[in-house]
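The values are calculated or read from the model by the stated rules, or taken from the named source; none is laboratory data. Keep in mind that what you see is a predicted model, and the values were worked out from it rather than measured. With ideal geometry, Cβ positions are generated from the backbone for all residues, glycine too; neighbour counts draw on all protein chains shown.
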Amino acid sequence: MPQTADRSTAELQQIAAQVRRDIVRMVHAVNSGHPGGSLGCTDLLVALYFKVMQHNPTSFSLDGVGEDLFFLSNGHISPVFYSVLARAGYFPVSELSTFRKLDSRLQGHPTTHEGLPGVRIASGSLGQGLSVACGAAQAKKLNGDDRRVFVLMGDGELEEGQIWEAAMYAPHHKIDNLIAVVDRNGQQIDGPTAEIGGLGDLRAKFEAFGWHVLEADGNQFSTLLPALEEAVAASGQGRPVIMLMDTQMGYGVDFMMGSHKWHGVAPNDEQLQKALQQLLVENASDY
Amino acid sequence: MKDFPYTESKDTRSGFGAGLHELGKTNPNVVALCADLIGSLKMDAFKKDFPERFFQVGIAEANMMGVAAGLTIGGKIPFTGTFANFSTGRVYDQIRQSIAYSDKNVKICASHAGLTLGEDGATHQILEDLGLMKMLPGMTVINPCDYNQTKAATIAIADHHGPVYLRFGRPVVPNFTPADQTFEIGKAVLLNEGTDVSIFATGHLVWKAILAGHLLAEQGISAEIINIHTIKPLDEAAVLASARKTRCVVTAEEHQRHGGLGDSIAQLLARQEPLPLEMVAVNDSFGESGTPDQLMQKYGLTEMDVVRAANDVLKRKK
């Protein structure tokens, strides 16, 4: 049965802390990967997979008929995706130890190629996920399937032109079963997005393209959950929905927060211990 | 040399349009996307009769490839339509990641391939598309020779799970293959048995190879002519069997020498049966404006070029 979870915020916070522990341990173990964006988007993915979405982790089907779907367009934050999928029951939590290693299903960037349950498209080369989500949402409409499609993009990723092709396409085709989220952490590899890409007023841009736009703090369940509820309520009204979600890169680990420097750098042994001391879970079940 | 009678000449793109329309009637999962070229791709009939399964994407090919990949999630079989240039080079990374690597059941249907696009010139005359597509793991690459074969190929690829690149073109060419043919992906078609030289041709060059076969017969040369409609997977058994019999090979295609059919066959022969080979193909050059016939002549893709290549390779035959 697809799950809809009636979890308390306190429970979600515990899950999020466990996921963050997974993230720093995974990237530390292979001395590579992307902890910053993963930590920043942890609360969103936990909220989606443990509260908002109806989905079926124990018998994964690629077509996902009758389920809510999630696409990760900024595939480099695979650590949070893998941890949340495992913790939700898509595959054994122990498999997180294979992340980025030879012969693993947990490739550096997510892929369907190795048959990992929970992943429906490869991502990593940026800018492609919004188009894919549009297509999947249209397939749902053709199938008479009333579930929704969620997609997460990075804010730096919005510098890709294909995003704006899809941003024009979705409202024109009235894809109102689509809920997009932008991780507005203000950072990209070479520095702050404001200095590099000139994203400008994203609310005004998406509104001008015909989207229903809302904004939320993505690191506080107290604001994130009502915003997701609002997004779901706004779907089905003839327009696609986009949530501009403010997060802090590295959220939860003080020395990783607020800087682009932890975009693609793993913590060393000492930093890992320091991070884990900040990510406390009542009954930690590290893989 | 066999005769290949035909009653009319038609464009291969119309074969695609007819095949797609047929699929609309027979396969409810088939959907079509077009990037502002409905008339050029002959997708009008599908759009008219199956509007709910047709998606006008506008001049946004990258988005089209992504949307097509997404439509497969839920069981749809998307056919994308635009010019060959915009179906491949422009969207290579989208095809690579969202379609090929993701093993999505998308049919990339490409018209106006090669020089025979004509007057629009080199910006639109892609001669690298077969190479780009055959390099992608898991991609099936098909280049049929006439209207009937393009229609049959279009219908056949809907039943094949996995990404397919289907290449066709703009000019009218003799429609000589049977209307009731069964199209088998990856199965070469022996058109004329011969003993002196094997000519492997694809797409528009198949008819040129037939014309060349008649000219060679007048010279007393017996040419075996084989239509390689599927570039990948290549029918290696058919190529090797013919090459082992005739002991010399000509390849012919409307494509760059680099990366095309000739390149695939040369690689196969080098590994398994080294034999003299000549390629009729564009030699590391862009095209230009002109009529299709003028361009095929200038860039060396006529029946006379096939004849010349056959004569050249016969001199090297041991």
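Side notes on the structure shown:
- Of the criteria (1) more than 11 Å from every other protein chain (Cβ to nearest Cβ); (2) crowded, with 24+ Cβ neighbours inside 10 Å, which one A:GLY135 fails: (1)
- Lone unmet requirement of (1) in a helix (DSSP H, G or I); (2) over 17 Å from B:LEU191 (Cα atoms); (3) charged (D, E, K, R) for B:LYS318: (1)
- Number of the exception - B:LEU71 against (1) assigned to a helix (DSSP H, G or I); (2) more than 7 Å from chain A (Cβ to nearest Cβ); (3) closer than 23 Å to B:GLU22 by Cα; (4) of a type outside the set (Asp, Glu): (2)
- So B:GLY66, is it assigned to a loop (DSSP other than H, G, I, E, B) and either under 26 Å from B:GLY259 (Cα atoms) or more than 7 Å from chain A (Cβ to nearest Cβ) (or both): no
- Close pairs from the range B:279-300: first in contact (Cβ under 8 Å) with a residue 60 or more places away in the chain, partner buried (at least 16 other Cβ atoms within 10 Å of the Cβ) and part of a strand (DSSP E or B), Cβ under 7 Å, at least 6 apart: B:VAL280/B:VAL250; B:VAL280/B:THR251; B:VAL280/B:ALA252; B:VAL282/B:HIS255; B:VAL282/B:GLN256; B:TYR299/B:VAL282
- Checked against the criterion of being without any contact (Cβ under 8 Å) to a residue 40 or more places away in the chain, surrounded by fewer than 20 Cβ atoms within 10 Å (Cβ to Cβ), within 14 Å of chain B (Cβ to nearest Cβ) and not aromatic (Phe, Trp, Tyr), the candidates A:GLY198, A:GLY161 yield just one match: A:GLY161.
- Residue count, the range A:138-147 (criterion: more than 8 Å from chain B (Cβ to nearest Cβ) and surrounded by 24 or more Cβ atoms within 10 Å (Cβ to Cβ)): 0
- Just one of the listed residues (A:THR42, A:THR58, A:THR9, A:THR4) is under 13 Å from the mean Cα position of the chain (by Cα) and either modelled with pLDDT under 95 or among the hydroxyl-bearing types (Ser, Thr, Tyr) (or both), namely A:THR42.
- Any pair with Cβ under 7 angstrom, 6 or more apart, that starts in the range A:44-66 at a residue that is away from chain B (no Cβ under 14 Å) and ends at one that is surrounded by fewer than 16 Cβ atoms within 10 Å (Cβ to Cβ) and charged (D, E, K, R): A:PHE50/A:ARG7; A:LYS51/A:ARG7
- Wholly enclosed helices (runs of 4 or more DSSP H) of the range A:20-90 bearing at least 3 residues under 26 Å from A:SER8 (Cα atoms) and of a type in the set (A, V, I, L, M): A:42-47, A:78-88
- Qualifying residues in the range A:221-259 (those that are in contact with a Gly (Cβ under 6 Å, 6 or more places away or on another chain) and part of a helix (DSSP H, G or I)) - the one nearest to A:ALA133 (Cα to Cα): A:LEU224
- Qualifying residue in the range B:26-49 (condition: of a type outside the set (Ser, Thr, Tyr), under 19 Å from A:HIS172 (Cα atoms) and facing another protein chain (nearest Cβ under 8 Å)): yes
- Selection within the range A:118-132: residues that are of a type in the set (Ser, Thr, Tyr) and surrounded by 24 or more Cβ atoms within 10 Å (Cβ to Cβ). The member of this set that is nearest to the other protein chains (Cβ to nearest Cβ) is A:SER131.
- Some residue of the range B:108-119 being surrounded by fewer than 24 Cβ atoms within 10 Å (Cβ to Cβ) and within 14 Å of chain A (Cβ to nearest Cβ): no
- Scanning the range B:15-41 for residues that are touching a Leu at 6+ places or on another chain (Cβ under 8 Å) and farther than 23 Å from B:ARG96 by Cβ yields a count of 3.
- For the range B:1-38, the candidate set comprises residues that are in a helix (DSSP H, G or I) and among the hydroxyl-bearing types (Ser, Thr, Tyr); within that set, the residue that is nearest to A:ALA136 (Cα to Cα) is B:THR26.
- A:ALA170 falls short on exactly one of the conditions (1) touching a residue at least 40 places away in the same chain (Cβ under 8 Å); (2) more than 14 Å from chain B (Cβ to nearest Cβ), and that condition is (2).
- Subset tally (residues that are in a loop (DSSP other than H, G, I, E, B) and either more than 10 Å from B:VAL164 (Cα to Cα) or under 13 Å from the mean Cα position of the chain (by Cα) (or both)) for the range B:131-145: 6
- Only one of the numbered conditions (1) within 21 Å of the chain's Cα centre (by Cα); (2) within 15 Å of B:ASN63 (Cβ to Cβ); (3) crowded, with 23+ Cβ neighbours inside 10 Å; (4) of a type outside the set (Gly, Ala, Ser) is not met by A:TYR169, and that is (1).
- Top-ranked residue in the range A:173-195 [being modelled with pLDDT of 95 or more and more than 21 Å from A:HIS76 (Cα to Cα); ranked as nearest to the other protein chains (Cβ to nearest Cβ)]: A:HIS173
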